[in-house]
């Protein structure tokens, strides 16, 4: 990760924990490799201009992932997903408020293959090679004291996404999403965090892009359907100036195509973590989270908050 301070040429910057502080420009280069042969490489950049009036986000990634699809049977069926992904986003501040609005574009040129060679029956006919090309209208609210590891403030995002041939997509579908996080200091050293996340889809959405329950301790895509809802609570204790401990728990549901809301399973997880404030000026902390859900345990190396 590489950082630069957009406020460096604009006079003295507000204090690090001020909600008026301009986020740093960030460039990220990264990669991953797992025991099952999954690998990915990515590059991304976040940039602000005109005292945070404009915000740009761009990224490109190459992925070769070995995953499990559960679907209607709730039994894992292995598949491989390969492709190149691109994201471009530009937001503009609305007046002098903390609201931003703008556009996002996502493109993913993919190839998917089930290990057994047989496509699950509930998916019908699935093309091996698919392209996602989707444009979105995005509205954000951001009052966080820093973008990496907030101790106070809120973040809200509302998105209306349409995948169409005009955007380069082989599938036509829509996604409507809203997510919100807030951090509220209870005392000088205790911070309460709350999170809600929702996604609703219509149309011919690829099976791997369907909304899913996104909780620490729950395998990505384990609970997937037409719609998904998630809620999480986190308590943070700033033990000493650079060290903090976390405890968190959450619940989620995936429903809409195969199960109604009342019939779908309640998915729960619980966990704990630790953070070390490695860059005090930026408010950047690193650490680990461990989490548990039904028949699953997970370990995460975290940069900043566990909420994205």
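Derivation of every value follows stated rules applied to the coordinates shown; laboratory data play no part. Note that this is a predicted model, so its numbers are computed, not measured. Note that each Cβ is placed from the backbone with ideal geometry, even for glycine, and that neighbours are counted across all protein chains shown.
Could you list the residues of segment 146-175 with an amide nitrogen less than 14 Å from a label point located 7 Å from the Cα of residue 129 in the Cα-to-C-beta direction? Counting only backbone N, you get 170. Sorted largest first, the spans of the alpha carbon positions of segment 140-253 along the three principal axes are 53, 27, 18 Å.
Maximal additional length on extending the residue 262-residue 164 stretch stands at 32.1 nm, based on 0.36 nm per residue less the C-alpha distance. Compute log10 of I(q)/I(0) for segment 1-131 with the Debye formula, placing one identical point scatterer on every Cα and leaving out solvent, at q = 0.09, 0.10, 0.20 Å⁻¹, to two decimals. The Cα Debye sum returns log10 ratios of -0.44, -0.53, -1.13. Each residue, residue 118 and residue 272, gets one label point 7 Å from its Cα in the Cβ direction; the gap between the two is 4.5 nm.
With a ≥ b ≥ c the root eigenvalues of the C-alpha gyration tensor of segment 72-144, is it rounded (a/c under 1.5), prolate (a/b larger than b/c) or oblate? It is prolate, given that a/c is not under 1.5 and a/b is the larger ratio. If one computes P(r) from the Cα atoms of the chain, what percent of pairs lie at distances over 35 Å? Summing the P(r) tail past 35 Å for the chain gives 21 percent. By the count of other C-beta atoms within 10 Å, a proxy for reagent exposure, 183, 49 are ordered fewest to most as 49, 183.
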